[in-house]
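**Q** Mind looking over this structure? Questions follow.
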Amino acid sequence: MRKALEGSQAIARAVALCRPDVVAAYPITPQTHIVENLSKLVAEGDLHTEFVSVESEFSAASVVLGAAAAGARAYTATASQGVLLMSEVLFNIAGLRVPLVMTVANRAVGAPLSIWNDQSDSMAVRDSGWIQIHAADNQEAVDATIQAFRIAETCEIPVMVCMDGFILTHTMEVIDMPDTDMIDGWLPPYEFSRNLDPAAPTSIGTLVTPDFFAEMRHSHHAAMMRALEVIEQTDADYADLTGRASGGLLTVEGDPDAKVGILAMGSTVGTLRTGMEHFSDEVGAARLIKLRTFRPFPSDALRDAVKGLDHLIVVDRAISPGLGGVVGTEVAAVLADVEGAPRIHNHALGLGGRDIPETIYRDLMQTVANPDAPAFSVFDVDLNKLQPEDR
Amino acid sequence: MSDKSERLAELRAKHGRPPAAPHEPKHDAPTAREAQPRFRGLESGHRACQGCGEALAARLVMECAGPDVMVANATGCLEVFTTAWPQSAWRVPWMHSLFENAPAIASGMEAAMKAKGKNTKVLAFGGDGATYDIGFQALSGMLERYHNILYVCYDNEAYMNTGIQRSSSTPHSATTTTSPAGKERMGKRHLKKDLLSIIAAHHIPYAAAASVAYPQDLQRKVRYAMGIEGPTFLVIHSPCPLGWKHDSAATIEVARRAVECGLFPLVELERGAVTNVMPIRDARPVTDYLELQGRFAHLFNGEDPRAQEERDHLQALADHNIQTFGLNGEGDDPLDTSGIAAVGRGGPVTGRG
Amino acid sequence: MAILTRGAYAEPGTTLDFKTGNWRSTGKPVHDHVKAPCHAACPAGEDQQAWFAHLQAGHPKLAWRELVQANPLPGVTGRVCPHPCETACNRAAMDGALAIHNVERWLGDKAVAKGWAYPVDAPADDAPIVAIIGAGPGGLSAAYHCLRNGLRADLYEALPEAGGLLRSAIPRTRLPREALDGELNRLLALPGITLNARTRLGRDVTVEGLLSTHAAVILAPGCQSAKAWDVDGAVPADLHEGLHLLKEFMDHGQFPKADKVVVHGGGNTAIDLCRLMKRAGASEVTLVTASGLPGPDTAPDDIINVVPRELDEALEEGIEIIDHATVSRLVMKGSKVTGVEVVSLKKEPGKDGRKRRVAFEGTERLLSVDMVVPCIGEAVDPEGLQGLIDGTYVWAKDAWGRLEPENVHVLGDARGDRGTVAEAIGDGRLAAQAIAAKLAGAPDPEADTRLEMGASGLNLSYYMPTPRHAPAKVPVAERRFDTEIEGDLGRAAALAEANRCLSCGNCLACDNCWTFCPDNAVIKTVELAQDGSHYLFDLDYCKGCGLCAHECPTGYIQMVPED
């Protein structure tokens, strides 16, 4: 059924389709509309779930962990500071291999305080052991949310669905929302193999000595690598169901013969797409790579996607101060041993909600021609706004 | 499901019978250990120190709470000494996540039980560090949200697992590794936090203090709390021979004297109001309690005038408790400190029948 | 090698694979059933703790059957014994010793009233027969224990009735005839016991003669002859020896007329005599005794050897007692005594370490009297005991009372170092056991060398403070010569009193060890364990913390070094 919905509302409905047993959340902008909408569904009787309004994101993550371990399908959502407050639990959830789904309405992390969008929150927990899927638009966010439950429960790895705060969460879009029956048939009831059950009582969360800790981490890494295939397969299965794929790990579009490529995650992909339509005459068409799955990192798919490129512009929505962009450095690392790999141009932009206009496509493409351009920059910085010594 | 039945079969082969599942048929010849007339929720072979008050308290709680429960356990001694992989001392579903989130983990478990329509009671366990300090916020949230959870705080009055650092539960003037005594200090400068009053201020149905020295009273409180649909809280005074520096055989003696001198009043509060106390038959001086413990050794340095002052201070605190809660009672009471401890042939006098 | 589980979960109860028993460094707990002090102190060999245990469980009959394994005359000893068990009782310092004698008497009376059968089987028709001279408490106990050991017993008694001193010299105010006969008749009616009354040793039978017809001979003649008494050679012409005077009174109900009486001595006979004479009309009766009255400054072996209750009653009846004193001079008017000089003395250690009496010059005082009664003890009547008696007494060679020849035993007062009914009863049991063992070709029974549980070995936190239950007594003004002064304790008080028993040194089955073990290493069994308790130590897991031993109320659990 196609309907114009605000992003947050669409996510709430997608979650409801998956019939979570327990939802726990704590209010934080710009995630709030998601849980408000879920609360409303519960209040109206459209969703039968235990909705736990916790006293912090830390407890939100803990509640859904406890619930999932006790055999309940559980969901939470947060953003920004909330992700960081949760971070200790996020590592814990992943280490315990408990399947959970969480939406991150990406937002900058303070200080200074900023309620606006970038992706530094989810980037800060990239090593937590969660699967990270980034949605480029609200339809993708809806589809990824539904897929996330199946991926998480198949792999016993938690999945974080990232969508840009405000830009997606607060934007109306026409969404093709699957039917309840459709999803009920596609997503099997939740069953956790180590479920807390008095009839077969296991102990979860033990102390592991150095003799076995390396094996724990290895097994988690191996499971993440195996998850690449599950993510692709799930997207394919979902396409069979709905006729709509989001592009598994990553997708390539634009001019296949282009020598310049642009790689981006999230809503920036849409902006670049439109920019290319407007400015390809001026600066040429690029090969556009939409990175959907950030963890596990689709190294092989990326190597294929960049074949034939001389330049690859990697757009980051976060910065690792003292090094550069997060995605950019990872892409560089993955392509380091690829013969004839493109030159990497890494730019962070749109930090803390800075507007990303369509002209960004033109501006980015123009940097490729400049041999003196730095390997990394905060692209849209205005140095005039800084004290001289801070430039 | 097949995973589970396979695991049960393995356990049968290994331990002779299914793990603590009373509804499952017992095999023909149970061992003496298995044939005991109580639920062994916390099994032997755990790695607690000799004479551990916390291990004892947890065992006592499990006996009357189990087996249809699940436990969220905060980081701490209890968690570490029971679950060194690949072994677990627990015979109930049990989960440890982090130091400060046991109440929230338990909230999630309870929400899951509600969602699934199950009646399994959820317990949350934490030490005083997890409860008085780092997990305090999560605990407050759990109580406010009115989850059907019994939270048990095993209070050994310091961070024992990390090496005896002071917590907000450490009593005034006790030495720990972060509140040592010296020329300028007489141990911990601050008072023990009055947690129970804070808990009770959440207006929950039941909040109580118990002691390992009075197991019948402790278990009565657990059973009472188990029967309440809603949040309940129990703090159990659990001596730590290592941290309090007393003989491992003296754990109960120390706990008993803490109650008998008034420093650890055994009170029960319902909806914030004191509804019951365990009266003290003959209050003994706090020095009877302090002198057994190395953490108070500096209070018995005859040459230090501050020692007398601190002893007097602790006595004043005990007297204050006795007065505030009316611990002196009115005459001999079969449920006072002497009455409840009394045993006869076949068991505790109060516990029979 | 362990294979990692997903998320490192663990299976329930698997720490059983981790044996913490090897953490023990200082010692391990064991069950050690040591002697309760009452048992250790009981000359008759009763294990009061054991029979109180049955009472605690609500089984008076079982309690009585346990009791009479050692003492067949609880109705008697409950009335006449000075109950050293109560003196030794660990509860004494807490809130008063258990009223053991009152409960013992209640059990004895109950057995008579209900006709509970003694735990003996009829001996075989050809069972060896033991000849027993004297049917006092010692002889009767010996006969009873012969039966318990598969032997038969022939009792030879000079008097028309059995009972010895119980009948002839203990006032009915503390041992009514009905109580005495009730128990004695049941005992004498047991199959295998034959009483030959009016049969006197030396006159009607001899030891040699009995040895030719019996498997063994037990001498239980008691002490019937007054010891010679004088003060520096002075003896009043109208001297009445104490025991004789008492027996006369028991038979005829009269004393020689006297108003001011001094009794010299320090036993039950002396106290009985003092009280009876006062009740019979003497205005002043004074007891002069070398021993001390009970008190914090009196050594236990210096306390006057009488039933404590009798001493209390004597004092409340107005008997004057001059303790730590002796009669140093008689003031005579002709051959009649008109006064006695009394001097203070005390037992002091001498050069050889033995205690001797030292009189203190300058402490002499004079009492005006018209009768002085020596009550300093009696000697064995030597008739028929030639070759066996040595001076005043018949001294035994060993604890079993053996003489030369070895199948002759002696027991009770005749042994010289005895003085209570309970001792005679205990002797009777030991002699019978030794004879039975010998006849079976077995070595002597093994002596009980277990240690005794002192108060410091108990954990008194677990006992509810409860005052001792006391029976009603006849008020002083109403005391006469026939009515028993101390009343019956009654069932409720007897059972309540039993619950005061601390069960020193023996398992109370209180569950403390089971309840307090932090390691689940104490296992409660459904059946009794072999050591008598319900509990086992699982040393695979016991870390040796010692909590169980510390919290064991009775001291039944001890920590001992590892093997």
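**Q** Please compute, for peptide B:140-147, the average count of beta-carbon atoms on other protein chains lying within 10 Å of each residue's beta-carbon.
**A** Counting other chains' Cβ atoms within 10 Å and averaging over B:140-147 gives 3.
**Q** Count the net charge of all other residues whose Cβ sits under 12 Å from the Cβ of residue C:505, scoring Lys and Arg as +1 and Asp and Glu as -1.
**A** Once positives and negatives cancel, what remains is -1.
**Q** Which whole number of Å³ per residue matches the convex hull of the alpha-carbon atoms in segment A:150-295?
**A** So the per-residue hull volume is 190 Å³.
**Q** Could I get the Rg over Rh figure for segment A:250-390? Both from C-alpha atoms, Rh via Kirkwood, rounded to two places.
**A** 0.95
**Q** Straight-line reach from residue C:61: which lysines have a Cα under 20 Å away, not including same-chain ones fewer than 8 places off?
**A** C:110, C:114
**Q** Work out how far the C-alpha atoms of segment B:221-282 reach from end to end along every principal axis, then list the three figures in whole Å, largest first.
**A** Ordered largest first, segment B:221-282 gives principal extents of 40, 25, 16 Å.
**Q** Note the buried accessible area between A and C here, summed over both chains, with a 1.4 Å probe, in Å² to the nearest 100.
**A** 1100 Å²
**Q** Okay, moving on. Would you mind pulling out the separation of the Cα centroids of segment B:199-255 and segment B:270-344, in Å?
**A** Between the Cα centre of segment B:199-255 and that of segment B:270-344, the gap is 16 Å.
**Q** Could you tell me how many degrees, from 0 to 90 and to the nearest 10, lie between the Cα long axis of helix A:57-69 and the main elongation axis, the longest principal axis, of the Cα atoms of chain A?
**A** So the inclination is approximately 50 degrees.
**Q** Name the shape class, rounded, prolate or oblate, that the alpha-carbon gyration tensor gives for the protein assembly as shown, where a ≥ b ≥ c are the square roots of its eigenvalues, rounded holds for a/c under 1.5, and otherwise prolate holds if a/b is larger than b/c and oblate otherwise.
**A** Because a/c hits 1.5 or more and a/b exceeds b/c, the protein assembly as shown counts as prolate.
**Q** Given DSSP loops and a limit of at most 13 other Cβ atoms within 10 Å, what is the longest stretch of chain C that contains no such chymotrypsin sites (Phe, Trp or Tyr not before Pro)?
**A** Maximal segment without exposed cleavage sites: C:1-359.
**Q** So which of C:247/C:333; C:260/C:333; C:260/C:473 end up more than 19 Å apart, counting from Cα to Cα?
**A** Checking Cα-Cα distances, C:247/C:333; C:260/C:473 exceed 19 Å.
**Q** Could you sort out which of A:259/A:290; B:245/C:19; B:192/C:543; C:278/C:336; A:40/B:116 sit more than 23 Å apart by Cα distance in this structure?
**A** Listed pairs above 23 Å: B:245/C:19; B:192/C:543.
**Q** With label points built 7 Å along Cα→Cβ from the Cα atoms of residue A:91 and residue C:204, find their separation and express it in nm.
**A** 10.2 nm
**Q** Let me know the mean shielding of B:114-123 by other chains, meaning the per-residue number of their Cβ atoms within 10 Å of its Cβ.
**A** For peptide B:114-123, the averaged partner shielding equals 4.
**Q** How much net charge surrounds residue C:319 when only other residues with a Cβ under 13 Å from its Cβ are counted (Lys, Arg +1; Asp, Glu -1)?
**A** Residues close to residue C:319 contribute a combined charge of -4.
**Q** Mind checking the angle between helix B:2-15 and chain B's longest principal axis? C-alpha axes, 0 to 90 degrees, to the nearest 10.
**A** The two axes meet at around 60 degrees.
**Q** Under the 0.36 nm per residue contour assumption, what length would be gained going from the current alpha-carbon distance of residue C:474 and residue C:26 to full extension?
**A** Net length gain for the segment: 155.5 nm.
**Q** Determine the equivalent ellipsoid of chain C by diagonalising the alpha-carbon gyration tensor, then write out the semi-axes as square roots of 5 times the eigenvalues, largest first, rounded to whole Å.
**A** Equivalent-ellipsoid dimensions as semi-axes: 49, 30, 22 Å.
**Q** Just to confirm my numbers, what's the Cα centroid distance between segment C:84-98 and segment C:135-205 in Å?
**A** 32 Å
**Q** Within a 10 angstrom radius of each residue's Cβ in B:337-343, how many Cβ atoms of other chains show up on average? Whole number is fine.
**A** Mean inter-chain Cβ contacts per residue within 10 Å come to 6.
**Q** While we're on this one: Restricting the count to DSSP beta bridges whose residues both fall in the protein assembly as shown, what percent are antiparallel, rounded to a multiple of 5?
**A** 35 percent
**Q** Which three numbers, in whole Å and largest first, are the semi-axes of the equivalent ellipsoid of chain A derived from its Cα gyration tensor as √(5λ)?
**A** Gyration-tensor ellipsoid for chain A: 34, 23, 21 Å.
**Q** Calculate how large, on average over all directions, the projected area of the Cα convex hull of segment C:317-448 is; give the answer in nm² to one decimal.
**A** Seen from a random direction, the Cα hull of segment C:317-448 projects 13.4 nm² on average.
**Q** Taking the convex hull of the alpha carbon atoms in segment C:399-522, what volume per residue do you get, in Å³?
**A** Per-residue hull volume (Cα only) is 242 Å³.
**Q** Give, as ranges by residue number, the residues of segment C:306-331 whose backbone N falls under 18 Å from the point 7 Å along Cα→Cβ of residue C:341.
**A** Answer for this model: C:325-331.
**Q** A further question follows. Local charge sum around residue C:516 (other residues, Cβ-Cβ under 10 Å, Lys/Arg +1, Asp/Glu -1)?
**A** Summing Lys/Arg as +1 and Asp/Glu as -1 gives -1.
**Q** Then there's this: Can you compute the label reach from residue C:481? Point 7 Å from Cα along the Cβ direction, backbone N cut-off under 18 Å, restricted to segment C:152-187.
**A** Within reach of a label on residue C:481: C:167-178.
**Q** Using only the alpha carbons of segment A:9-153, what is the convex hull's orientation-averaged projected area in square nanometres?
**A** Answer in nm², one decimal: 7.6.
**Q** For segment C:228-376, compute the orientation-averaged projected area of the C-alpha convex hull (one quarter of its surface), in nm².
**A** Quarter of the Cα hull surface area: 9.6 nm².
**Q** Okay, next question. Can you give the FRET efficiency for residue A:218 and residue A:370, using 1/(1 + (r/R0)^6), R0 = 35 Å, r = Cβ-Cβ distance, to the nearest 0.05?
**A** The pair residue A:218/residue A:370 has a calculated efficiency of 0.20.
**Q** Evaluate E = 1/(1 + (r/R0)^6) for residue A:387 and residue B:228, where r is the Cβ-Cβ distance and R0 equals 45 Å; express this FRET efficiency to the nearest 0.05.
**A** Rounded to the nearest 0.05, the efficiency is 0.10.
**Q** May I ask you to list the GluC sites (Glu not before Pro) in segment C:341-403 that are in a DSSP loop and have at most 10 other Cβ atoms within 10 Å of their Cβ?
**A** C:361
**Q** For segment C:386-466, give the magnitude of the charge dipole about the Cα centre (Cβ charges: +1 Lys/Arg, -1 Asp/Glu; no others), in debye to the nearest 20.
**A** 140 debye
**Q** Roughly what angle does helix B:215-226 make with the longest principal axis of chain B, taking Cα atoms, 0 to 90 degrees, to the nearest 10?
**A** 60 degrees
**Q** Applying 1/(1 + (r/R0)^6) with R0 = 35 Å to the Cβ-Cβ distance of residue B:273 and residue C:466, what FRET efficiency is obtained, to the nearest 0.05?
**A** FRET efficiency, residue B:273 to residue C:466: 0.55.
**Q** Under 10 Å, Cα contacts only: if you run a Gaussian network model on chain A, which one of A:15, A:334, A:109 comes out with the highest mean-square fluctuation?
**A** Of the options given, A:334 has the highest mean-square fluctuation.
**Q** Still on this structure, please answer the following. Between A:276, A:86, A:182, where does the largest GNM mean-square fluctuation fall for chain A, given springs only between Cα atoms within less than 10 Å?
**A** Result: A:182 has the largest fluctuation of those listed.
The values are calculated or read from the model by the stated rules, or taken from the named source; none is laboratory data. All values derive from a computational prediction rather than experimental measurement. Here Cβ is always computed from backbone atoms with ideal geometry, including for glycine, and neighbour counts include all displayed protein chains. With ligands, DNA and RNA removed, areas are computed over all heavy atoms of the protein, side chains included. Shrake-Rupley method; radii C 1.70, N 1.55, O 1.52, S 1.80 Å.
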